[in-house]
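Scroll down for the structure; my scribbles are underneath it.
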Amino acid sequence: MFKLRPLPYALDALEPYISARVMEIHYEKLHQGYVNRLNKALENHPELYKESLEWFLAAPDNLPESIRTAVMRGAGGDYNHSFFWEVMKKGGGGEPNGELAIVIKKYFGSFEAFKEQFSAMANGVFGSGWAWLCLNKHGDLELRESDDQDAPLTQGSQEILGLDVWEHAYFLQYENRRAEYVENWWNIVNWDRAEENYRMIVE
């Protein structure tokens with residue numbers, strides 16, 4: 001069965017930008033809920049427990065139609081959140097270095113232009129969803145938003161950086177001020193992990 005992956009830091013590590021209370025609810029209750037949902041969907045198909053989240057998301061047609069929607073929702077919620085925790089860290093922020101910095105400048109003109117466009121996309125997501133920096137199936141860097149717990153991987157894109165803009169990610173601390181949450185998030189971005197994500201894709 002699938003299990004909730006450990007956080008890479010303490011619940012209060014991202015304060016003051018994301019409070020320990022928000023992390024407790026988001027990780028221990030909401031993320032755990034997606035893991036539980038996935039296991040529930042698979043309980044009559046134990047042969048599928050051996051597969052990975054990536055396998056479910058990249059090839060949903062391989063799933064029995066009767067459980068496909070439930071599996072995709074559970075797997076998407078688990079995958080997206082596990083990815084999200086990893087691209088943040090205490091003492092993060094600043095700008096990327098290495099190959100990712102070069103390719104961001106190539107596609108967006110500057111880091112400042114990329115940050116502005118990414119933030120605008122995150123603030124513009126209607127309802128519940130995510131904002132992503134991805135490499136698409138053609139090898140191009142792209143900004144992409146997704147609804148609910150959909151993952152870019154289902155469309156053939158591979159995630160480099162992602163931001164959860166569901167209300168549960170910020171409302172307890174920021175109320176309806178999503179733009180403030182998005183702006184503060186840049187202070188905890190783990191650019192080292194984003195660089196690793198990019199390198200794993202291109203290498």
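The values are calculated or read from the model by the stated rules, or taken from the named source; none is laboratory data. Note that this is a predicted model, so its numbers are computed, not measured. Backbone-built Cβ (ideal geometry, glycine too); neighbour counts: all protein chains shown.
Here are a few things to note about the model shown:
- Just one of the listed residues (E167, E116, E112, E195) is at pLDDT 95 or above, under 19 Å from H26 (Cα atoms) and charged (D, E, K, R), and it is E167.
- Subset tally (residues that are surrounded by 13 or more Cβ atoms within 10 Å (Cβ to Cβ) and either touching a helix residue (DSSP H, G or I) at 6+ places or on another chain (Cβ under 7 Å) or of a type in the set (D, E, K, R) (or both)) for the range 48-58: 7
- Among the residues of the range 59-94, the ones that are among the basic types (K, R), surrounded by fewer than 17 Cβ atoms within 10 Å (Cβ to Cβ) and not in a helix (DSSP H, G or I) come to 1 in all.
- Among the residues of the range 33-52, the one identified as more than 15 Å from G77 (Cβ to Cβ) and aromatic (F, W, Y) is Y49.
- Selected residue (criterion: surrounded by the most Cβ atoms within 10 Å (Cβ to Cβ)) from residues of the range 15-47 that are of a type in the set (G, A, S) and assigned to a helix (DSSP H, G or I): A41
- Scanning the range 1-41 for residues that are among the small types (G, A, S) and either in the same structural domain as E167 (by TED's automatic domain parsing) or under 17 Å from E86 (Cα atoms) (or both) gives A10, A13, S19, A20.
- In this structure, K115 qualifies as out of contact with any helix residue (DSSP H, G or I) (no Cβ under 8 Å at 6 or more places or on another chain), surrounded by 15 or more Cβ atoms within 10 Å (Cβ to Cβ) and outside the structural domain of V35 (by TED's automatic domain parsing).
- Output for the range 102-112, where each listed residue is of a type in the set (A, V, I, L, M) and either surrounded by 17 or more Cβ atoms within 10 Å (Cβ to Cβ) or under 11 Å from L133 (Cα atoms) (or both): V103, I104
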